[in-house]
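Peer 1: Just dropping this structure here.
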Amino acid sequence: MRHGSTTGWSVGLAAECEGEWDELPFEAVAGPPTDAEFDEPVAVGVEVDPALDPLDLLAQLAALTDELVGLRVDQLSDLDLDQVLRCVQPTVGRLQALRTRAAGEYEARAVDRAGPGREQRGEQDARKFLRHELGLTPGEARQAGTTGRRLRETPELGAAHATGRISEPHAQTIAELLSWLPEGMSTSRRETFEAELITLAGEIEIVSFGKKARRMLAEIDLRAAEDREHRQHRRRSLTIGTAEDGAVVGSFRLYGLQAEKLRTALDAASLPDPAEGPFRSTEQRNADGLEVLCDLALRSGDLPTQHGVRPHVSVLVPWSELALGAGIAELGFTGPITIASLRPLLRDCTVSRIILDPESVPIEVGEASRTILAGFWRLLVARDRGCTWDGCEAIVAWCQVAHGQVPFRQGGRLRLDDAALLCVRHHRIFDSQPWTMVIRGPDVSYERADPPVRAGAR
């Protein structure tokens, strides 16, 4: 929204409140903001009486916020929308800093009230209030209380945080690192380290800052860095469960070498998409990469056995539905799955016949037999050397055997001129979409049945 001449510019914004447009009290500026002006936090220009009670100030803030939330951002110009974001962000950061400081003070008082030997009980009571009354998650409540209490002991860091010079994550990281400095360190050396961290925090984003700050801690006190890493390792965790829709969900926290192993393995297994697609999101590539790592682990034979049996994916499939190629199977952990989704697995697996009585009780188990013989697998490896999909660089260990013209469910026999190696992802694409496998001597290609688009040759 513009006010006055085309050369003048104001940050005056309008909100639609009860059908009328009212000016909101933003500080006007003489002209368009410059990049230099954006280097410093932008504050709302509201004059307040310093003698007012803090609760009165918060009431004024709440009233102003009620007006601001009605702001019709869809009616703002690009420049005004840009300025709204630049004004809101530092203000949100400073309010979050206020909440952290207040949470730290609240927790410190709860600990004092609890008395010696009951400090942990005081912390729990304070964090219970933050969770139940303010709606913070357990992690947020713990972080706010811990950081707030540490900020009470570091005035310079607290001031930088309160004025918006550094963000909440930067302040949390600095406060945590300072807590690891030995008690015998001189005050001047501690203050110098703190000042260096604050300066660095104002210059780079949080992930890069964390890496440099951890190195700085190790350089100033190697023993402190080692103790911190040991403490972090004890916090390692991985939770996993099954959701109501059948998805396996979870979260994890890894540090140091464990984290590096995961990132290295996942990066290697998460191959990029070919230039012509289909394209996946980063999350989808990571999920596919994790599946590859699981395949490698299960095939390796190095995992501990269970009652003498190698870990394996167990599927119960009625023989009549398996022969038909359609129906419902049952997975050991996640439950029902359509046979259509299992086709890549069923084509290269070990099959055991289990006979059930009329009450579905197993009464006989047949000998296990392989659907893909070792000799045939070696032939495919010698010819294909990896995934045969154009542009895919998946190695042999990541591949499965794909049947060509005559599907396995229709009695198709394995022949070198009607089978090829495909990675898990492209095997799934080949099975679920109208692709045709074309084999001419040592070359394998895939052609789209409709429309007739060639996927490439190998």
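What follows is calculated from the coordinates using simple rules that are stated; it is not laboratory data. Source: prediction; values computed, not measured. Here the Cβ positions follow ideal geometry from the backbone for every residue, glycine too, while neighbour counts run over all protein chains shown.
Peer 1: What is the sum of charges around ALA59, taking Lys and Arg as +1, Asp and Glu as -1, for the other residues whose C-beta is under 12 Å from the C-beta of ALA59?
Peer 2: It works out to a net charge of -3.
Peer 1: Also, I was wondering about something else. Among the trypsin sites (Lys or Arg not before Pro) in the range 268-315, which ones are in a DSSP loop with at most 16 other Cβ atoms within 10 Å of the Cβ? Mind listing them?
Peer 2: Of the trypsin sites (Lys or Arg not before Pro), the ones in loops of the range 268-315 whose Cβ has at most 16 other Cβ atoms within 10 Å are ARG280.
Peer 1: Still on this structure, please answer the following. With a ≥ b ≥ c taken as the square roots of the eigenvalues of the C-alpha gyration tensor of the range 96-204, please select rounded if a/c is under 1.5 and otherwise prolate if a/b is larger than b/c or oblate if it is not?
Peer 2: oblate
Peer 1: Rounded, prolate or oblate, given the Cα gyration tensor of the range 165-235, with a/c below 1.5 counting as rounded?
Peer 2: Details: a/c = 1.91, a/b = 1.17, b/c = 1.62.
It is oblate, given that a/c is not under 1.5 and a/b is not larger than b/c.
Peer 1: What number does the range 242-300 give for Rg over Rh if you use C-alpha atoms and the Kirkwood radius?
Peer 2: Reported Rg/Rh, Kirkwood definition of Rh: 1.02.
Peer 1: Suppose every Lys and Arg Cβ carries +1 and every Asp and Glu Cβ carries -1, with no other charges. What dipole size does the range 60-179 come out with about its Cα centre, to the nearest 20 debye?
Peer 2: With Lys and Arg at +1 and Asp and Glu at -1, about 560 debye.
Peer 1: Loop-only trypsin sites (Lys or Arg not before Pro) in the range 44-137, please: DSSP not H, G, I, E or B, and at most 16 other Cβ atoms within 10 Å.
Peer 2: ARG72, ARG118
Peer 1: If you place +1 on the Cβ of every Lys and Arg, -1 on the Cβ of every Asp and Glu, and leave all else neutral, what size is the dipole of the range 242-300 about its Cα centre, to the nearest 20 Debye?
Peer 2: The calculation lands at about 320 debye.
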